[in-house]
Amino acid sequence: MQPTTEILVLCGAAGVGKSTTAYEVSHQLGRADIPHALLDTDQLDQVHPWPPPGLGPSELSRRNLAAVWANLAGVGHTRLIVTGVFVALERELAWIADAVPDAGITSVRLTADVPTLERRVRRREIGSGTADQLARTVRQHAALTRPEPPGTTVIDTTGRSVVSVASEVIGVWLGGGAGQGGADEWPGGAAP
(Lines give C-alpha, C1' and ligand atoms only; values in the text may rest on other atoms or scores of the structure.)
Protein backbone atom coordinates (compact mmCIF):
# COMPACT_ATOMS: atom_id res chain seq x y z
CA MET A 1 0.00 0.00 0.00
CA GLN A 2 1.31 3.44 -0.97
CA PRO A 3 1.84 5.80 2.02
CA THR A 4 -0.61 8.69 2.20
CA THR A 5 1.83 10.87 4.14
CA GLU A 6 5.57 11.45 3.84
CA ILE A 7 7.50 12.26 7.02
CA LEU A 8 11.06 13.52 7.24
CA VAL A 9 12.57 12.76 10.65
CA LEU A 10 15.57 15.06 11.11
CA CYS A 11 17.58 14.09 14.18
CA GLY A 12 20.95 14.43 15.88
CA ALA A 13 22.69 15.70 19.00
CA ALA A 14 21.88 19.15 20.36
CA GLY A 15 23.88 21.75 18.42
CA VAL A 16 24.19 19.67 15.26
CA GLY A 17 21.92 22.04 13.31
CA LYS A 18 18.55 20.26 13.31
CA SER A 19 16.38 23.33 13.78
CA THR A 20 18.46 25.53 11.49
CA THR A 21 18.43 22.86 8.79
CA ALA A 22 14.71 22.16 9.24
CA TYR A 23 13.87 25.85 8.81
CA GLU A 24 16.04 26.01 5.70
CA VAL A 25 14.42 22.84 4.31
CA SER A 26 11.04 24.48 4.93
CA HIS A 27 12.18 27.69 3.24
CA GLN A 28 13.49 25.83 0.17
CA LEU A 29 10.30 23.76 -0.09
CA GLY A 30 8.21 26.91 0.25
CA ARG A 31 10.16 28.61 -2.55
CA ALA A 32 9.44 25.55 -4.70
CA ASP A 33 5.75 25.73 -3.66
CA ILE A 34 5.85 22.24 -2.10
CA PRO A 35 3.23 22.01 0.68
CA HIS A 36 4.56 20.77 4.02
CA ALA A 37 4.40 21.31 7.79
CA LEU A 38 7.28 21.58 10.27
CA LEU A 39 7.20 20.44 13.89
CA ASP A 40 9.96 20.41 16.52
CA THR A 41 9.15 17.53 18.86
CA ASP A 42 10.67 19.46 21.79
CA GLN A 43 7.40 21.39 21.78
CA LEU A 44 5.38 18.20 22.26
CA ASP A 45 6.68 17.35 25.73
CA GLN A 46 8.08 20.46 27.41
CA VAL A 47 6.30 19.86 30.69
CA HIS A 48 7.33 19.45 34.30
CA PRO A 49 7.35 16.88 35.75
CA TRP A 50 8.53 14.80 32.83
CA PRO A 51 7.38 12.30 31.95
CA PRO A 52 3.95 13.08 33.32
CA PRO A 53 2.94 10.68 36.10
CA GLY A 54 1.49 7.47 34.68
CA LEU A 55 2.83 7.99 31.14
CA GLY A 56 5.85 6.46 29.45
CA PRO A 57 8.65 8.71 28.14
CA SER A 58 7.20 9.13 24.64
CA GLU A 59 3.46 8.84 25.31
CA LEU A 60 2.73 12.57 25.71
CA SER A 61 4.71 13.29 22.52
CA ARG A 62 2.80 10.57 20.65
CA ARG A 63 -0.58 11.90 21.78
CA ASN A 64 0.32 15.51 20.96
CA LEU A 65 1.75 14.60 17.54
CA ALA A 66 -1.41 12.62 16.71
CA ALA A 67 -3.59 15.62 17.67
CA VAL A 68 -1.49 18.15 15.74
CA TRP A 69 -1.25 15.85 12.72
CA ALA A 70 -5.03 15.38 12.68
CA ASN A 71 -5.38 19.15 12.38
CA LEU A 72 -2.69 19.45 9.69
CA ALA A 73 -4.08 16.53 7.68
CA GLY A 74 -7.55 18.06 8.05
CA VAL A 75 -6.40 21.08 6.05
CA GLY A 76 -4.79 18.91 3.38
CA HIS A 77 -1.15 18.40 4.40
CA THR A 78 0.57 15.19 3.34
CA ARG A 79 4.21 16.08 4.15
CA LEU A 80 5.61 16.57 7.64
CA ILE A 81 9.10 17.50 8.84
CA VAL A 82 9.76 16.36 12.43
CA THR A 83 12.90 17.28 14.38
CA GLY A 84 14.31 15.82 17.59
CA VAL A 85 17.49 14.48 19.18
CA PHE A 86 16.24 10.85 19.03
CA VAL A 87 19.26 8.99 20.41
CA ALA A 88 17.34 5.69 20.21
CA LEU A 89 15.95 6.39 16.75
CA GLU A 90 14.26 3.03 16.23
CA ARG A 91 12.17 3.51 19.39
CA GLU A 92 11.28 7.09 18.41
CA LEU A 93 10.24 6.07 14.90
CA ALA A 94 7.74 3.63 16.43
CA TRP A 95 5.74 6.31 18.29
CA ILE A 96 5.93 8.69 15.32
CA ALA A 97 4.54 5.96 13.03
CA ASP A 98 1.80 5.25 15.58
CA ALA A 99 0.85 8.95 15.78
CA VAL A 100 0.79 9.39 11.98
CA PRO A 101 -0.56 6.12 10.54
CA ASP A 102 0.10 5.04 6.95
CA ALA A 103 3.13 7.32 6.65
CA GLY A 104 6.33 6.72 4.76
CA ILE A 105 9.19 7.80 7.02
CA THR A 106 12.60 9.00 5.87
CA SER A 107 15.12 9.41 8.68
CA VAL A 108 18.18 11.65 8.40
CA ARG A 109 20.67 11.89 11.24
CA LEU A 110 22.78 15.07 11.23
CA THR A 111 26.19 14.89 12.84
CA ALA A 112 29.16 17.18 13.49
CA ASP A 113 32.46 16.93 15.30
CA VAL A 114 32.58 17.74 19.04
CA PRO A 115 34.36 21.15 18.70
CA THR A 116 31.68 22.25 16.23
CA LEU A 117 28.88 21.08 18.54
CA GLU A 118 30.45 22.90 21.49
CA ARG A 119 30.81 26.17 19.49
CA ARG A 120 27.20 25.99 18.31
CA VAL A 121 25.81 25.24 21.78
CA ARG A 122 27.85 28.08 23.36
CA ARG A 123 26.60 30.46 20.67
CA ARG A 124 22.92 29.64 21.19
CA GLU A 125 22.72 28.93 24.95
CA ILE A 126 22.82 32.18 26.89
CA GLY A 127 21.12 31.24 30.14
CA SER A 128 21.90 29.28 33.26
CA GLY A 129 21.58 25.94 31.46
CA THR A 130 24.63 26.31 29.19
CA ALA A 131 26.94 23.95 31.11
CA ASP A 132 24.19 21.33 31.46
CA GLN A 133 23.38 21.54 27.73
CA LEU A 134 27.05 21.19 26.78
CA ALA A 135 27.34 18.06 28.93
CA ARG A 136 24.11 16.61 27.41
CA THR A 137 25.37 17.37 23.90
CA VAL A 138 28.65 15.52 24.48
CA ARG A 139 26.74 12.54 25.99
CA GLN A 140 24.31 12.52 23.05
CA HIS A 141 27.18 12.63 20.56
CA ALA A 142 28.88 9.68 22.27
CA ALA A 143 25.61 7.70 22.36
CA LEU A 144 25.12 8.21 18.62
CA THR A 145 28.08 6.03 17.65
CA ARG A 146 25.88 2.92 17.49
CA PRO A 147 24.54 1.74 14.10
CA GLU A 148 21.47 3.54 12.78
CA PRO A 149 18.24 1.78 11.81
CA PRO A 150 18.28 0.51 8.20
CA GLY A 151 17.57 3.23 5.68
CA THR A 152 18.81 6.11 7.87
CA THR A 153 21.00 8.63 6.05
CA VAL A 154 23.78 10.31 8.04
CA ILE A 155 24.89 13.79 6.95
CA ASP A 156 27.88 15.57 8.51
CA THR A 157 27.23 19.32 8.91
CA THR A 158 30.78 20.19 9.98
CA GLY A 159 32.10 23.06 7.85
CA ARG A 160 29.05 23.12 5.55
CA SER A 161 26.55 25.84 4.79
CA VAL A 162 22.99 25.34 6.00
CA VAL A 163 21.79 25.81 2.40
CA SER A 164 23.86 22.90 1.10
CA VAL A 165 22.92 20.61 4.02
CA ALA A 166 19.22 21.40 3.55
CA SER A 167 19.44 20.76 -0.19
CA GLU A 168 21.03 17.38 0.49
CA VAL A 169 18.32 16.54 3.04
CA ILE A 170 15.60 17.43 0.53
CA GLY A 171 17.31 15.24 -2.07
CA VAL A 172 17.29 12.31 0.35
CA TRP A 173 13.66 12.89 1.32
CA LEU A 174 11.98 13.84 -1.95
CA GLY A 175 14.52 12.62 -4.47
CA GLY A 176 15.69 16.03 -5.69
CA GLY A 177 16.79 19.25 -4.06
CA ALA A 178 14.35 22.15 -4.13
CA GLY A 179 17.19 24.59 -3.53
CA GLN A 180 20.87 24.83 -4.29
CA GLY A 181 24.04 25.22 -2.29
CA GLY A 182 25.26 28.73 -1.67
CA ALA A 183 26.94 31.17 0.66
CA ASP A 184 24.25 31.17 3.33
CA GLU A 185 25.83 30.48 6.69
CA TRP A 186 24.90 29.04 10.05
CA PRO A 187 23.41 31.66 12.38
CA GLY A 188 26.04 33.70 14.19
CA GLY A 189 28.71 33.61 11.52
CA ALA A 190 30.52 31.38 9.11
CA ALA A 191 29.75 27.72 8.87
CA PRO A 192 31.82 26.09 11.60
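Dipole magnitude for the chain: computed about the Cα centre from +1 point charges on Lys and Arg Cβ and -1 point charges on Asp and Glu Cβ, it is near 320 debye. On a per residue basis, the range 54-117 carries 43 Å² of accessible surface, using protein heavy atoms and a 1.4 Å probe.
Projecting the Cα atoms of Pro149, Gln133, Leu93 onto the dipole axis of the range 90-156, where Lys and Arg carry +1 and Asp and Glu carry -1 at the beta carbon, places Gln133 farthest toward the positive end. Surface composition of the chain: carbon and sulfur atoms hold 52% of the protein heavy-atom accessible area at a 1.4 Å probe. Structure remark: mean-square fluctuation, Gaussian network model of the chain, C-alpha springs under 10 Å; the largest value among Asp45, Asp113, Asp132 belongs to Asp132. When the Gaussian network model of the chain links Cα atoms closer than 10 Å, the mean-square fluctuations of Gln140, Gln28, Gln46 top out at Gln46.
Overall form of the chain: oblate. Here a/c, set by the Cα gyration tensor axes a ≥ b ≥ c, is 1.5 or more, and a/b is not larger than b/c.
The values are calculated or read from the model by the stated rules, or taken from the named source; none is laboratory data. Predicted model, so just to flag it, every value in this text is computed and none were measured. Glycine gets a Cβ as well: all are built from the backbone with ideal geometry, and neighbour counts include every protein chain shown. Note: accessible area is taken over every heavy atom of the protein model, side chains too, but ligands, DNA and RNA are not part of it. Shrake-Rupley method; radii C 1.70, N 1.55, O 1.52, S 1.80 Å.
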